[in-house]
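J.: I have a structure I would like to understand better, so I am pasting it below and will then ask my questions one at a time.
The values are calculated or read from the model by the stated rules, or taken from the named source; none is laboratory data. Treat the numbers as computed from the prediction; the structure is a model and nothing was measured. Virtual Cβ from ideal backbone geometry, glycine too; neighbours counted across all protein chains shown.
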């Protein structure tokens, strides 16, 4: 019985969902707005369409600037609208 509880605690964690997006706003304290883009195929015509969504991400050190490409990961809810956090800055803005 204790064997099953040990494997559950020390075993595998669920893989964190991560995305790469561009910072569109850093005007808030310890928060950045990240725009995530994806391509979907039109069901009838087959043309690829660019769709985007904006999320708020936690930036503990306030180091992100507008235009930076960042990797964000899903985390527990930090506030009403924040459930992502910045993992790394992939590319700095010019």
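J.: Of all residues in the range 49-80, how many are closer than 28 Å to residue 92 by Cβ and not in a loop (DSSP other than H, G, I, E, B)?
T.: Result for the range 49-80: 15.
J.: Separate question: Give me the pairs: first residue in the range 14-34 and without any contact (Cβ under 8 Å) to a residue 24 or more places away in the chain and on the phi > 0 side of the Ramachandran plot, second residue exposed (fewer than 15 other Cβ atoms within 10 Å of the Cβ) and in a strand (DSSP E or B), beta-carbon distance under 7 Å, and six or more apart or on different chains, which are they?
T.: Listed pairs, sorted by first residue: none to list.
J.: Right, next: In the range 16-38, which residue that is at pLDDT 95 or above and part of a loop (DSSP other than H, G, I, E, B) is surrounded by the fewest Cβ atoms within 10 Å (Cβ to Cβ)?
T.: Looking at the filtered set, the residue picked out is 29.
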